[in-house]
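The values are calculated or read from the model by the stated rules, or taken from the named source; none is laboratory data. Only a predicted model underlies this, so the values are computations on that prediction, with no experimental measurement involved. Here the Cβ positions follow ideal geometry from the backbone for every residue, glycine too, while neighbour counts run over all protein chains shown. Heads up: the accessible areas ignore ligands, DNA and RNA and are worked out on the full protein's heavy atoms, side chains in. Shrake-Rupley method; radii C 1.70, N 1.55, O 1.52, S 1.80 Å.
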Amino acid sequence: MKKTLLLLALFSFSLGLVAQQPATRAFIDTDGIIKTESVLTQLPPASRDGLTPMPGFPLSFSSNTTYKPMRGLALADLNNDGADEIILCHNEEINVIDGQGNVLWTQALVGGMAQYPAAVGDINKDGILEIVSLTAYGNARGGINVFDASGNVLMATVTNNNPLICAPVLADLNNDSELEIIFCGRGKASASISAGIHAWNLQGEEMEGFPFELPSTPAFTPTLADIDGDGLLEMFVSTTTALYCVSHAGEELYRVDSEEAYKYSYQSPLVVDFEGDGNWSIVGACHGDNPNHYVRDAHTGEYLTGWPKPVSYWTYSAPTVVKNGNQYAIFMGVSGEGNVFYQYDMSGNIAPGFPLSLSSGIEGFISAADIDGDGENEIITDFNLMDGEQGYIRAWEMDGTEVTEGFPLRPQGLSYMNGANFGDIDGDGNLEIVTLTYVQNFSPDDPVYVTAYALNQPVGNLVFGTYKGSNDRTGWIREEEVVVSCNPVRDLEAETGGDVSQVYLHWTEPEPGSTGNLLGYLIQKNGELLQEFLELPEYVDNEVEFFQTYEYVVIAVFDDNCESACAPLSVEVIPDAVPEYSKEAKVYPNPAKNILHVEGAVLTQVEVFNIMGQSVMNIDENFEAIGIGHLQNGIYFIRIKTTEGEKTVKLVIEK
């Protein structure tokens, strides 16, 4: 084998081609497992002034020994601070990461491992985002995991004998102003929920008319769009043998059976109106013995003229549809080598400069953005190869010319089956690229990497920057709609203390820019919405206790049905010092490690509270050497009682 590869390399060199080099190529087997092989191949060109990772990146996480994450990440502003958080689903956990590389919270996922990214949306329309992640564990089980923006578990349901190998979709199917969670299950006869399309609410209740049972294996994430203009969504879902169009109420509208030995690929299609005339089309791909790219009439399922387009290799590449000038362009990749990257128009004509003949395939989701500020979109892709320990994120002009100014990016590990995720993770108004890569050695030590790169191009330059184009994963490509600019309140502050347990909140009204008029404010306290509606930018909360911590959110309400929540404010209710307290008393050291001394007054009691207001120590003697070695690092409060009065002192423990 080695001799054959060497002869091939020498032959290529003798023809005047670029010399081939050793690399690692990734591919996905028919069982859905990513595998690798060593090859001699032509590597991509080196970048000019390549982009380097932002401070705090890359981050390394554990991964599943066999299955690696696919389709990238979610980027969303979870805490309304103007910066996107990075939402990573991998192995059997979810991590939320800020723009400095800090892990804000981590939670376990029930039901197995997450292979697809989370969906993010305001499910119950309370102004705060929720996160939904699906899991699978072989054919044994799956799981539905729902979290609030702070990481609290809202739902954790295991689906026995029903792996959920897709991304969830968040959409309002029944026009009740809340989003349903739509997903496909591969359940067996003994499964706790059946194989097919499911639509659940946030309480885990199945919507009436569902599940829509499927006779063979569902193959990808559902796609939803309103193709008939009645304000209700239709669903497009496939099995390995058929493509289905299903109504919002779970009724079959039509079915297209596969033929000529093709199967519907493990990717999700897009629905797009190419000419703006209400004639919606489905754009997707098939694998099997006769793989193809297709465009079908979404109303009937029939092929559009010029389609399908046969391709030489199986493909798991999710399609991307974006504007090229005044017309839509379709981008899809395939595995293998040679002609592996395609751009079509709606009639199936291949654009000049395409297909691109590459040394390896493209099968992650494909992004689009103006990454160089020239006013034209570029296309950003994954790549199947890894050179040494670094993979590739490549960029192309619309005419197929490769971008080498700053590209390709060289993250640690393989980018295969993922791609380039776009967002503003540091809140500066400019785009960042966040990559998800991994090592596949089938070892417990295989890492997953998250790496961020600053583009220094405005957020408005983004066109298509995540799997299926949006965090709700609907796959519905529409002309840009008028966005309601609904600004949050500014400068939220709190005052507390004195002899009365109360919190006084005050703030500045939102910046101008909303399309509606400001009506007033609502207050959310510890996640619960208070009933009182406020017209003035202030609020007094008398329902508080000393040494307790409360979290407040102020929601600005506008007359165009727009509501905007500010970032949460945490308030500790600490009383002021009693004036009679002896000034000679002192607490030291502060910060403290293992021993705390309280001296200088006639002491009667010392009590220690944690930051949640819970009493963790109560001492009534030996105040000159109080052992605190058992307390963890953090902020505490010391309440000192003497014959003259009492006082509370803030204490920091650092070991």
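Overview of results
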{"item": "For region 336-409 and region 282-319, distance of Cα centres in Å", "result": "20 Å"}
{"item": "Among 516-529, 415-428, 143-156, the order from most to least packed when residues are scored by Cβ within 10 Å on average", "result": "415-428, 143-156, 516-529"}
{"item": "Long pairs among 68/468; 593/650; 68/323; 525/655; 586/650, criterion Cα-Cα beyond 23 Å", "result": "68/323; 525/655"}
{"item": "Cα centre as origin, Lys/Arg/Asp/Glu Cβ charges: the chain dipole, Debye", "result": "3280 debye"}
{"item": "By average C-beta atoms within 10 angstrom, highest first, the peptides 47-56, 549-558", "result": "549-558, 47-56"}
{"item": "Fraction of beta bridges assigned by DSSP in the chain that are antiparallel (%, nearest 5)", "result": "95 percent"}
{"item": "Percent accessible area from carbon and sulfur atoms, region 122-164, protein chains only, probe 1.4 Å", "result": "44 percent"}
{"item": "Between region 129-177 and region 90-111, the Cα center-to-center distance that results, in Å", "result": "15 Å"}
{"item": "Relative contact order for the chain, counting Cα pairs under 8 Å that sit 6 or more residues apart, in percent", "result": "10 percent"}
{"item": "Cys with no candidate disulfide partner in the chain (beta-carbon separation under 4.7 Å rule)", "result": "89, 166, 184, 245, 286, 566"}
{"item": "Approximate spin-label separation residue 297-residue 531, in nm, with each point projected 7 Å along Cα-to-Cβ", "result": "5.6 nm"}
{"item": "Accessible-area value, residue 198, 1.4 Å probe, nucleic acids and ligands omitted, Å²", "result": "0 Å²"}
{"item": "Cβ-based net charge around residue 243, under 13 Å, with every Lys or Arg adding one and every Asp or Glu removing one", "result": "-3"}
{"item": "Nearest 10 degrees, 0 to 90: helix 2-14 Cα axis against the chain principal axis", "result": "70 degrees"}
{"item": "Peptides ranked, highest mean first, by Cβ atoms within 10 Å: ranges 394-401, 250-257", "result": "394-401, 250-257"}
